[in-house]
Amino acid sequence: MFCEGVKIEDVMTAVEEKRPFYLYSKSQLTRNYAAYARALQGMEYMVGYAVKANNNLKILEHLRAMGSSAVLVSGNELKLAMKAGFDPSRCVFNGNGKLLDELILAAKHNVLINVDSEFDLEQICEAGRIAGKQIKVLLRINPDVDPQVHPYIATGNKNSKFGIRNERLGWFLEQVKSHSDEVKLVGVHCHLGSTISKVSIFRDAAVLMVGYVDHIRSEGFEIQYLNIGGGLGIDYHHEGANYPTPTDLVNTVHDLLAGRDLTFIIEPGRSLVANAAVLVNRVTGVKSNGNKNFIVIDGSMSELIRPSLYGAYQHIELVSPPAAGAKRATFDVVGPVCESSDFLGKDRELPTPEKGAGIVVHDAGAYCMAMASTYNLRMRPPEYWVEEDGKTVTKIRHAENLDDHLRYFDGL
């Protein structure tokens, strides 16, 4: 198995730390962003990378250099985005529970802020007063469109904690008018969910959203932005499924935007970074309990929690061909964490690997390292990428160690 022109076995031999690590293709990151830029040619647009998907500073810097803006869900993400060189006035701050100090920071830096609720608008107005700024806001409207995804990552239906209900729209418009010193309404926003596999779902939402734009403009507001959110899925199963591309997504809403003088904002996260990385592990051993076979690896739910958290599927393969005559069997691929939920994959048909063999979890660039923990005091792993020359491997995040944990107790 290779990452661009580099054999992954060679990376495993060369890295300093003999522990799980993330390996990215910088070229794949470039290809993924370029697909969005091509699809949006000829339009007024912002591609806002969802920082929550992967907050590695080097990845942020690379996306920013290609023209991306940033979509944020915390004050620390805003600070990181600014350190990576993003223009904060082209950043969008999302969230259903934004805190006052975060909002004040965003206000001071002219960040676009999505209004999520009545109390959120109240806090945004207070932040504007404290910062002495008129904050540009978008209304996050819950369109009640079913994204047909796992309920944990559905964000645009009526049972979601996110967004305002459309029957409350009039109240919000009146409140914005009465607080014009603190806020200025410049757009509308929605976000349906994650891992969406049908672009018709985006169109269903866009039809509703342009209707809201027309209505809000008729009330005297100058609406500049239509933010359709993110959530485009990828082929985690590696079965050749025909997943929609950024061009498919843009084409399905393009005619709705024609002639409306709107800047189109889209917020990809997973589809920009997921397929650019693998989690590289080593086999600790193979065992059987009754009718169940296990491949035990040194990686775990601490490094990659998606399968344990909501049953997510990520493809798993050996790095190199197995020994001659290796028996194929059905295995659960599990880690050493003291939880029965610690698995990277269940019921996977694989050749029986030897101890020390390399094994990778694919499509690990999104919501993997960003959600890693130090549970069982398994310190978070290092990250590397293969440069765009296709052959140079560079460390882009140091491995954490026990000293990093102990320093939080210094001086107590």
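The values are calculated or read from the model by the stated rules, or taken from the named source; none is laboratory data. Since the model is a prediction, treat every value here as computed from it, not as a measurement. Cβ sites come from the backbone with ideal geometry, for glycine too, and all protein chains shown count toward neighbours. All accessible areas refer to the heavy atoms of the entire protein, side chains included, with ligands and DNA or RNA removed. Shrake-Rupley method; radii C 1.70, N 1.55, O 1.52, S 1.80 Å.
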Subject >> Overall Cα dimensions of the stretch 354-393, principal axis frame, Å, largest first >> reply: 38, 30, 17
Subject >> Percent accessible area from carbon and sulfur atoms, the chain, protein chains only, probe 1.4 Å >> reply: 48
Original post:
What lysines could a cross-link reach from residue 327, if we take a straight Cα to Cα line under 30 Å and drop same-chain neighbours fewer than 8 places away?
Top reply: 7, 18, 287, 292, 346, 355
Original post:
In the Gaussian network model of the chain, springs joining C-alpha atoms below 10 Å, which of 276, 84, 312 carries the largest mean-square fluctuation?
Top reply: 312
Subject >> Accessible surface, the stretch 196-352, averaged per residue in Å² (probe 1.4 Å) >> reply: 41
Original post:
Can you give the accessible area per residue of the stretch 1-120, in Å², using a 1.4 Å probe?
Top reply: 39
Original post:
With Cβ to Cβ distances under 12 Å as the rule, what net charge do the other residues near residue 46 carry (K, R +1; D, E -1)?
Top reply: -2
Subject >> Projected label distance in nm at residue 222 and residue 237, using a 7 Å step from Cα toward the beta-carbon >> reply: 5.0
Original post:
What is the distance, in nm, between label points placed 7 Å from the Cα along the Cα-to-Cβ direction at residue 320 and at residue 287?
Top reply: 2.6
Original post:
In nm, to one decimal, how far is the modelled label at residue 347 from the one at residue 13, with both set 7 Å along Cα→Cβ?
Top reply: 3.9
**OP:** Specify the residue with the greatest mean-square fluctuation among 378, 38, 282, computed from a Gaussian network of the chain linking alpha-carbon atoms under 10 Å apart.
**Re:** 38
Original post:
What order do you get for 107-114, 10-17 when each peptide is scored by the mean count of other beta carbon atoms within 10 Å, highest first?
Top reply: 107-114, 10-17
**OP:** Starting from the amide H of residue 2, placed 1.01 Å from N in the peptide plane, find each other amide H under 5 Å away whose residue is 5 or more places distant or on another chain.
**Re:** 8
**OP:** Calculate one ³J(HN,Hα) per residue across the stretch 185-194 by plugging θ = phi - 60° into the Karplus curve 6.51 cos²θ - 1.76 cosθ + 1.60, and present them in order as whole Hz with x for glycine and proline.
**Re:** 7, 10, x, 10, 9, 8, 8, 8, x, 10
Original post:
Across the stretch 365-382, in residue order, what do the Karplus-derived ³J(HN,Hα) couplings come to in whole Hz, using 6.51 cos²θ - 1.76 cosθ + 1.60 with θ = phi - 60° and x for Gly and Pro?
Top reply: x, 10, 6, 10, 4, 5, 9, 5, 10, 10, 4, 6, 6, 8, 5, 5, x, x
**OP:** Quick one: which residues, 5+ away or cross-chain, put their amide H under 5 Å from the amide H of residue 115? H built at 1.01 Å from N.
**Re:** 138, 139, 140
Original post:
When only alpha-carbon atoms count, how far does the chain stretch along each of its three principal axes, as whole angstroms with the largest first?
Top reply: 74, 56, 44
**OP:** Quick one: what are the phi-derived ³J(HN,Hα) couplings along the stretch 249-263, Karplus 6.51/-1.76/1.60 with θ = phi - 60°, whole Hz, x for glycine and proline?
**Re:** 4, 5, 4, 6, 10, 4, 5, 5, 8, 4, x, 9, 6, 10, 8
Subject >> Kirkwood-type radius of the stretch 179-298, with distances r between different C-alpha atoms, in Å >> reply: 17.6
**OP:** Under a cut-off of 16 Å between alpha-carbon atoms, report the lysines in cross-link reach of residue 108, not counting same-chain residues fewer than 8 places apart.
**Re:** 79, 83, 98, 133, 136, 184
Subject >> Cα-Cα P(r), the stretch 1-156, percent of pairs per 10 Å interval >> reply: 10, 30, 31, 20, 8, 2
Subject >> Under 14 Å from residue 198, Cα to Cα: aspartates and glutamates that are on another chain or at least 8 residues apart >> reply: 146, 235, 248
**OP:** Return the Cα extents of the stretch 271-378 along principal axes one, two and three, sorted largest first, each rounded to a whole Å.
**Re:** 38, 29, 22
Subject >> Distant-in-sequence amide H partners of residue 184 (H built 1.01 Å from N, under 5 Å) >> reply: 135, 136, 137
Subject >> Sequence-separation-based contact order of the stretch 251-410, relative, with Cα cut under 8 Å and 6+ spacing, percent >> reply: 25
Subject >> Mean separation of Cα contacts under 8 Å (6+ apart) over length of the stretch 1-137, as relative contact order % >> reply: 15
Original post:
Short version: what are the Cα gyration tensor semi-axes of the stretch 14-55, square root of 5 times each eigenvalue, largest first, in whole Å?
Top reply: 31, 13, 5
Subject >> Full-stretch length increase - residue 410, residue 251 - with 0.36 nm per residue and alpha-carbon distance subtracted >> reply: 51.7 nm
Subject >> Percent of beta bridges antiparallel (DSSP, the chain, rounded to nearest 5) >> reply: 45
Subject >> Relative contact order %, the stretch 21-71, counting alpha carbon pairs below 8 Å whose residues are six or more apart >> reply: 43
Original post:
Based solely on its DSSP helices, what 222 nm [θ] is calculated for the chain when runs of n ≥ 4 H residues each add -39,500 (n - 2.57) and the sum is averaged over all residues, nearest 500 deg cm²/dmol?
Top reply: -8500 deg cm²/dmol
